[in-house]
Amino acid sequence: MIYAQKHTPNLFPRTTLDFYILESELSEGDYIVGDMYDLGFSEYDNKEIANSRPVNDRMITLRSEFTIDSIFSTHDLYLVVLPLDYPCKIYINGNQLSVRGNYQNGYTNRMHCSENILLPTDKINYSDKNEIAFQLYPMEGESYPLSQVFISNSKDATRYVFYRNLVGPKLIFALSLCGFVFFMFFLIVYISRKEYQKQYSLFFALMNLFFVLSYINNVFSYNFSNTILLEKIARVSFPLSVFVAICFLLEYTNIFKKKRIIKVALLLFYFPAVIMLLIPETTTEAIKVYNSYPLISLFAGNFILFTLTLLFFIKEKDLRSTFLLIIFFLNIIAGFHDGYYFAILKTKPFLLLTPISVFAINLIIFFILAVDHSKLYHVALNSSEKLEKLNQELELLVEKRTRKTIEYANKLEEANKTKDKFFSIIAHDLKNPFNTLIGYSDVLKSDFREYGQDEIYEQLNIIYNTSVNGYALLENLLKWSQSQTDKIVFEPVKVNLYEIIQICIDDVEHQCQFKDIDIINDVPENYHIIADKNLLKTILRNLISNAVKFTSRNGMVSISSNKDDKVTEVSVKDTGIGLSENELQNLFKIDKVYSKPGTNKEKGSGLGLILCKEFVEKHGGKIWVESELETGSVFKFTIPKII
């Protein structure tokens, strides 16, 4: 019997009620009037409610007596009732205060919320004895203890009930809703996206599903409902959630190779727990069964989960393995906390830690998978960009290969034309000097006694010039054929340009004297460049020889040079017959090359300029011509300073 004493005139203190208990006939739920000692009430020890009467004729009454000082007659006082496992009626001084649940029709029901019930001031006996009575209607086998009940002021009662429900059923409802969203999201993603069709994604979706189902009785029996079916679903979901969580870690961590064998062994371990929880017919029996082998399997599963995360942490030692290790360790602590209250104290804790820890596990795994998928997305994006880049490079490569193929085809066509030109020169141009040599030699051999010295000298001069031209042609042919087969060795060295030009001038000295042509070397005597000596001689000899060939008597040929920071420019200028526009366009082209006789009927193959172009380009330079008919021509070419 509790007396509410005066602590402060402004605040009624929280007053916990002590109850006495009586098992009686149902009496259609009427209030039992009389002194509780005379009626046979015994002191209630807040343990399980023992009952012996049949289910259709049993009512458990708990009654508490207390006094309230009249100083609180103007205050609103509340009766705070914690979650109940039975439908019931609540009375104050014989007056019905509240009805919770339906005790007349299938009353195997439970309530998971707390309430604060206003005590009517007109029903309170101030400074006298008051009675609070609970009439409970348990089904067969139900024996849950009555949770703590107390009277308090409005502020304290409202705050207590608010926080108790907030961290109780409302929090579980919110967590279950989030878990259901996680389940639907990963299930849809797993089904619809091939890149996410990995077993651990499916197991994570099932983890969230069984998390929701394991607290389904808290969600749907918020305001009383028949709970035996919900209780079975909830109790079965606990071992199933642990089983799929272990399967998830086996797949995600990839620690063990023979994962299928481990899964089969786990299935054999958890299957009996599921069967045991499906058999009971009452909620109390389901809870009693749950507290045996299934509960052991849960604790064992939590330790397996922690062990897997520990092995994963030892293997990876990264942020995700650290988070997994911490949260699964906290889950073990949460399991011991809630198990102590339910199994040992036979009561509900103010705050259930297991649903919070399980949701925290799902939340952390969700973020870990989100980060992994984000990385996969960026990898896929980078791969896509690389693939696009490769496609572009492939297109460029194909385009390049196509251009090369066209170039090869053009080169092949040019090679065929070159071959035809080569055979044409051999067949015609190279044959002519020999015909001339044979003809004049035969005339001198047969009739030299009939000729005077002047005539013999003229004939010998023709033979000499023909021999020189033939030799020059043959040398050009040999060098050209070597250039076509890449057999010419390119060896650039420091050379004296003046000396090489002078050697080439000496080679055409006889030709110049015959036509009275002045040839001038305007290059400074100590003028050095980097070039291949033999190729440079061939270039200059052909250009100087051509200049002499197409310059009339008493003409002039001059060779000069000009140097800047990058190239040396060499010019061969003559006062000859010049070139027409059409001739200028066809110079340096093997398929267009043709030869015209010089001012003294000198013949040539036209191969010399082709050689000049190839040898200049081998040095990395370029060659061109500036010409005007009847005025003369200037052939220019460049040799880079650095080859």
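Brief remarks follow.
- Whole-percent carbon and sulfur share, accessible surface of the stretch 46-168, 1.4 Å: 46 percent
- The H on the amide N of residue 563, modeled in the peptide plane, is under 5 Å from the matching H of 569, each at least 5 residues off or on a different chain.
- Between the amide H of residue 555 and those of 518, distances stay under 5 Å, these residues lying 5 or more places away or on another chain, with hydrogens modeled in the peptide plane.
- When peptides 620-633, 568-581 are sorted by average Cβ neighbour count within 10 Å, with the highest value leading, the order is 568-581, 620-633.
- Take the stretch 131-171 with all the other protein chains still there, run a 1.4 Å probe, and you get 34 Å² of accessible area per residue.
- Taking 0.36 nm per residue of separation and subtracting the current Cα-Cα distance, fully stretching the chain between residue 118 and residue 367 would add 85.1 nm.
- Inter-label distance, nm, simple model (7 Å from Cα along the C-beta direction), residue 387/residue 405: 2.6 nm
- When each of the peptides 324-337, 47-60 is scored by the mean number of other C-beta atoms lying within 10 Å of its residues, the order from highest to lowest reads 324-337, 47-60.
- Sorting the segments 152-159, 366-373, 313-320 by their residues' average number of neighbouring beta-carbon atoms within 10 angstrom, most packed first, yields 152-159, 366-373, 313-320.
- In this structure, the amide hydrogen of residue 98, modeled 1.01 Å from its nitrogen in the peptide plane, lies closer than 5 angstrom to those of 90, counting only residues at least 5 positions away or on a different chain.
- In order along the stretch 393-403, phi translates into HN-Hα couplings of 5, 5, 4, 5, 5, 4, 4, 5, 5, 4, 4 Hz, rounded to whole numbers, per the Karplus curve 6.51 cos²θ - 1.76 cosθ + 1.60 with θ = phi - 60° and x for Gly and Pro.
- Out-of-range pairs (alpha-carbon distance over 28 Å; input 404/573; 404/618; 170/375; 89/170; 533/636; 47/129): 404/573; 170/375
- Whole-number percent relative contact order across the stretch 57-165, with pairs defined as alpha carbons under 8 Å at least 6 apart: 43 percent
- Inter-part distance, the stretch 230-274 to the stretch 276-304, computed on C-alpha centroids, equals 15 Å.
The values are calculated or read from the model by the stated rules, or taken from the named source; none is laboratory data. The shown structure was predicted, so the numbers you read here are calculated from the model rather than taken from an experiment. As a convention, Cβ positions derive from the backbone with ideal geometry for all residues, glycine included, and neighbour counts pool all protein chains shown. Quick note on the areas: whole protein, heavy atoms, side chains included, nothing else; ligands and nucleic acids left out. Shrake-Rupley method; radii C 1.70, N 1.55, O 1.52, S 1.80 Å.
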